[in-house]
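A.B. asks: This structure is in structure tokens; I'll ask about it shortly.
The values are calculated or read from the model by the stated rules, or taken from the named source; none is laboratory data. Since this is a predicted model, take the numbers as computed values, not measurements. Cβ: placed from backbone, ideal geometry, glycine included. Neighbour counts: every protein chain shown.
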Amino acid sequence: MDKLLIDDPALHASALAGLTASPKTLEAKWFYDAAGSALFERITELPEYYPTRTEAAILRAGTDRLAAAVPDDAALVELGSGASVKTRILLDRLDHLAAYVPIDISATFLAQVAEGLRAAYPALPILPVTGDFMSPVTLPPRIADRPKVAFFPGSTIGNLEPADATALLARIRDWPGIARFILGVDLVKDPATLTAAYDDAAGVTAAFNLNLLHRLNREAGADFDPDGFAHEARWNADAARIEMHLVSRHAQTVRLGDTEIAFAAGESIHTENSHKYTRDSLAGLAGVAGWRIADWMTDPDDLFAVSILEPAP
């Protein structure tokens with residue numbers, strides 16, 4: 001039997017822990033290699049995927065309120081910045097910023113985005129940081145003495161379990177000079193709208209989910225047959241979340257390094273959660289971490305909200 005090469009030991013270790021657990025899981029942070037990041041940008045343009053365009057509209061309508069919440073000479077620090085598309089709405093209006101600090105786990109993608117931002121905003125220091133925002137991140141020394149505003153759009157906080165979301169909010173609350181937290185959250189709504197947003201007719205979300213298996217094959221010493229798994233989106237009403245799964249189409253065994261992992265027909269790998277919020281549920285989550293809601297902006301249909309948090313007394 002040929003030895004399977006492991007190029008990314010951290011990915012291998014994470015996958016081994018998740019796939020030998022019951023039920024089987026994979027951490028959603030591994031979605032975002034270069035291919036996954038590009039697929040996600042395609043998802044944001046799909047007709048079923050309302051969060052991106054709805055949040056962008058809220059940001060455009062609320063630029064004056066957002067500008068008033070950002071102190072002079074502040075650094076805008078974005079968690080999981082991706083292509084920084086919505087960030088440009090803020091950068092176009094916030095002419096009193098001292099710097100923009102995008103944080104992203106994909107170094108190659110981040111470097112490309114930073115280069116484009118420097119061309120678009122030549123007077124604004126762009127200080128990219130490669131890292132996992134779920135761990136402590138070292139911010140650039142250049143902004144050490146600046147007030148800081150965290151920006152976390154896209155309802156990415158919904159991908160975190162409540163305890164992890166609270167821990168992240170608390171960690172940001174402890175940043176020296178933290179002044180505000182601009183946070184996008186997807187709101188609870190009818191299940192049909194929610195499910196369609198995570199299972200589009202063109203199959204882009206399915207490709208995004210299945211890309212995890214391709215990445216494991218390429219970097220973590222796995223031999224998945226991606227055609228042997230199907231993408232599935234499920235609404236979990238009790239937990240107020242959409243779940244993404246990769247469901248085994250038949251009984252099969254997959255190698256991961258030296259470990260063989262058996263799948264029963266219909267058994268799934270739980271790859272992502274996307275929690276949905278109400279204003280009250282977000283206020284409760286934020287309050288535990290030392291924040292209060294200072295402003296709440298939503299669209300006319302109450303699909304999505306942008307909240308401005310400030311440190312609680």
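A.B. asks: Only one residue in ASP238, ASP302 is in contact (Cβ under 8 Å) with a residue 24 or more places away in the chain and in a loop (DSSP other than H, G, I, E, B). Which one? Steps first, answer last, please.
C.D. replies: Details: ASP238 fails: in contact (Cβ under 8 Å) with a residue 24 or more places away in the chain.
Within the list ASP238, ASP302, the selection yields ASP302.
A.B. asks: So, in segment 102-116, how many residues would count as being crowded, with 16+ Cβ neighbours inside 10 Å and either outside the structural domain of SER155 (by TED's automatic domain parsing) or more than 17 Å from PRO140 (Cα to Cα) (or both)? Quick ask: steps written out before the conclusion?
C.D. replies: First, pick out the residues of segment 102-116 that are crowded, with 16+ Cβ neighbours inside 10 Å: 102-106, 109-110, 113-114.
In the following step, the residues that additionally are either outside the structural domain of SER155 (by TED's automatic domain parsing) or more than 17 Å from PRO140 (Cα to Cα) (or both) were identified as 106, 109, 113.
Residues in segment 102-116 being crowded, with 16+ Cβ neighbours inside 10 Å and either outside the structural domain of SER155 (by TED's automatic domain parsing) or more than 17 Å from PRO140 (Cα to Cα) (or both): 3 in total.
A.B. asks: Output the residues belonging to segment 158-172 that are at pLDDT 95 or above, hydrophobic (A, V, I, L, M, F, W, C) and either assigned to a loop (DSSP other than H, G, I, E, B) or surrounded by 17 or more Cβ atoms within 10 Å (Cβ to Cβ) (or both).
C.D. replies: Matches in segment 158-172: ALA165, LEU168, LEU169, ILE172.
A.B. asks: Restricting attention to segment 38-62, and to residues there that are without any contact (Cβ under 8 Å) to a residue 60 or more places away in the chain and farther than 13 Å from VAL204 by Cβ, which single residue is surrounded by the most Cβ atoms within 10 Å (Cβ to Cβ)?
C.D. replies: ALA56
A.B. asks: Looking for whichever is closer than 20 Å to GLU45 by Cα and not in a strand (DSSP E or B) here; the options are ASP186, ASP200. Which one fits? Quick ask: steps written out before the conclusion?
C.D. replies: Numbers: ASP186 fails: not in a strand (DSSP E or B).
Within the list ASP186, ASP200, the selection yields ASP200.
A.B. asks: Given the options THR253, THR271, name the one that is hydroxyl-bearing (Ser, Thr, Tyr), in a strand (DSSP E or B), in the same structural domain as GLY18 (by TED's automatic domain parsing) and closer than 30 Å to THR166 by Cα.
C.D. replies: On the way: THR253 fails: closer than 30 Å to THR166 by Cα.
THR271 is the lone residue from the list that is hydroxyl-bearing (Ser, Thr, Tyr), in a strand (DSSP E or B), in the same structural domain as GLY18 (by TED's automatic domain parsing) and closer than 30 Å to THR166 by Cα.
A.B. asks: Considering only residues that are in contact (Cβ under 8 Å) with a residue 24 or more places away in the chain and within 14 Å of the chain's Cα centre (by Cα), which ones fall in segment 4-37?
C.D. replies: If the condition is that a residue be in contact (Cβ under 8 Å) with a residue 24 or more places away in the chain and within 14 Å of the chain's Cα centre (by Cα), then ALA28, LYS29, TRP30, PHE31, TYR32, ASP33, GLY36, SER37 are the ones that fit.
A.B. asks: Hey, another quick one. Listed residues LEU216, LEU282; which is touching a Leu at 6+ places or on another chain (Cβ under 9 Å) and assigned by TED's automatic domain parsing to the domain that holds LEU66?
C.D. replies: Result of the check over LEU216, LEU282: LEU282.
Per-residue answers, yes or no, for (1) of a type in the set (Gly, Ala, Ser); (2) within 22 Å of LYS29 (Cβ to Cβ):
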residue: PRO51; (1), (2): no, yes
residue: THR54; (1), (2): no, no
residue: ILE58; (1), (2): no, no
residue: PHE109; (1), (2): no, yes
residue: ALA114; (1), (2): yes, yes
residue: ARG142; (1), (2): no, no
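A.B. asks: Test TRP175 against the stated conditions and say whether it is in a loop (DSSP other than H, G, I, E, B), on the phi < 0 side of the Ramachandran plot and not basic (Lys, Arg). Give the steps one after another, and end with the answer.
C.D. replies: Values: in a loop (DSSP other than H, G, I, E, B): yes; on the phi < 0 side of the Ramachandran plot: yes; not basic (Lys, Arg): yes.
So TRP175 passes the test.
A.B. asks: Looking only at segment 302-313, how many residues end up being more than 18 Å from GLY154 (Cβ to Cβ) and of a type outside the set (Gly, Ala, Ser)?
C.D. replies: Filtering segment 302-313 down to residues more than 18 Å from GLY154 (Cβ to Cβ) leaves 310-313.
From what's left, of a type outside the set (Gly, Ala, Ser): 310-311, 313.
Counting residues in segment 302-313 that are more than 18 Å from GLY154 (Cβ to Cβ) and of a type outside the set (Gly, Ala, Ser) gives 3.
A.B. asks: With respect to the numbered conditions (1) aromatic (Phe, Trp, Tyr); (2) within 20 Å of the chain's Cα centre (by Cα); (3) surrounded by fewer than 17 Cβ atoms within 10 Å (Cβ to Cβ), which one is the sole condition not fulfilled by PHE152?
C.D. replies: Failed condition: (3).
A.B. asks: Still on this structure, please answer the following. What's the total number of residues in segment 173-185 that are surrounded by 18 or more Cβ atoms within 10 Å (Cβ to Cβ) and either among the aliphatic types (A, V, I, L, M) or assigned by TED's automatic domain parsing to the domain that holds ARG241 (or both)? Can you show your working first?
C.D. replies: First, pick out the residues of segment 173-185 that are surrounded by 18 or more Cβ atoms within 10 Å (Cβ to Cβ): 178, 180-185.
Subsequent filtering for residues that are either among the aliphatic types (A, V, I, L, M) or assigned by TED's automatic domain parsing to the domain that holds ARG241 (or both) retains 178, 182-183, 185.
Total meeting the criteria: 4.
A.B. asks: Separate question: Among ALA99, ALA119, which is surrounded by fewer than 20 Cβ atoms within 10 Å (Cβ to Cβ) and in contact with a helix residue (DSSP H, G or I) (Cβ under 6 Å, 6 or more places away or on another chain)?
C.D. replies: Values: ALA119 fails: in contact with a helix residue (DSSP H, G or I) (Cβ under 6 Å, 6 or more places away or on another chain).
Testing whether each residue is surrounded by fewer than 20 Cβ atoms within 10 Å (Cβ to Cβ) and in contact with a helix residue (DSSP H, G or I) (Cβ under 6 Å, 6 or more places away or on another chain) leaves just ALA99.
A.B. asks: Continuing with this model, one more query. Whether any residue in segment 68-79 is β-branched (Val, Ile, Thr) and either closer than 21 Å to ASN273 by Cβ or surrounded by fewer than 15 Cβ atoms within 10 Å (Cβ to Cβ) (or both) is what I want to check. Walk me through how you get there before you give the answer.
C.D. replies: If we filter segment 68-79 for residues that are β-branched (Val, Ile, Thr), which is where we start, we get 70, 77.
So of that shortlist, the ones also either closer than 21 Å to ASN273 by Cβ or surrounded by fewer than 15 Cβ atoms within 10 Å (Cβ to Cβ) (or both) come out as none.
The answer is no; no qualifying residue exists.
A.B. asks: Of everything in segment 81-96 that's touching a Pro at 6+ places or on another chain (Cβ under 9 Å) and either surrounded by 22 or more Cβ atoms within 10 Å (Cβ to Cβ) or among the basic types (Lys, Arg) (or both), which residue is modelled with the highest pLDDT?
C.D. replies: LYS86
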